[in-house]
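Below is one structure, written out as structure tokens; comments come after it.
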Amino acid sequence: MQPRLRALPAVATSCVLALSTTLLLGGAPASAQGESGPPEPEGEVTNPEDFVVEIDTEEFVSVIDLDEFVEELGGSDAEEDNVIVLETDILFSPNEWELPANASARIAEIVEEVPESASVDVHGHTDSRPVNQEIYDFDNVELSENRAQAVADALQEERPDLQLNVEGFGDSQPAVTEDEEDPSTFAANRRVEIRFDG
């Protein structure tokens, strides 16, 4: 299954609502009407369909295929030797831990430098924004654990020689200080680190 993200800008919804209000009330939107009700039309409306405008909402929908972005995986430079940083915004959909179909092969390429039979720590991390508990039944720690495990499973499949230790730390070990005015600081903390000896 390939995760997809869909976004419909508010402008399309607003246009449709304003148009519906105008047609239903026979004139200006309710906010522009006086207390006496809708204004009387100046002339007879012979064909109401002349006033209907069709909006193709598909124009406003963006579909993002995460498989296309997995090629960028591993682009972050770690400050320490023998640490590979995987950006979870590229690997996973928000609040999910299922890897895209081609991620395992790409992860295998990235860990080619890891020595044979090395001991490898796979650590999951999140930013400090809490998971919405009204929607999801897990927290940041569990999310980070599941993402680290997904990467570890892919590693085990591609490199069965490695000895893996998997942990999730939630937001307890940030890579950078988060700044509300700089979303990239939050993105930098959403990561899976592969740490190895040798």
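The set of residues from segment 104-131 being more than 12 Å from R195 (Cα to Cα), touching a strand residue (DSSP E or B) at 6+ places or on another chain (Cβ under 9 Å) and hydrophobic (A, V, I, L, M, F, W, C) comprises I107, I110. For S172, the requirement of being out of contact with any strand residue (DSSP E or B) (no Cβ under 7 Å at 6 or more places or on another chain), hydroxyl-bearing (S, T, Y) and surrounded by 12 or more Cβ atoms within 10 Å (Cβ to Cβ) is met.
Looking across segment 100-144, the residues that are under 17 Å from T88 (Cβ atoms), crowded, with 20+ Cβ neighbours inside 10 Å and at pLDDT 95 or above come down to V122, H123, G124, H125, T126, D127, N140, L143, S144.
Take the conditions in contact with an Asp or Glu (Cβ under 6 Å, 6 or more places away or on another chain) and at pLDDT 55 or above and apply them to S93. Does it pass? Spelling it out, it is not the case that S93 is in contact with an Asp or Glu (Cβ under 6 Å, 6 or more places away or on another chain) and at pLDDT 55 or above.
The values are calculated or read from the model by the stated rules, or taken from the named source; none is laboratory data. On a predicted model such as this, the values are computed, not experimentally measured, just so you know. Neighbour counts are summed over all protein chains in view; Cβ atoms, including those assigned to glycine, are modelled from backbone coordinates with ideal geometry.
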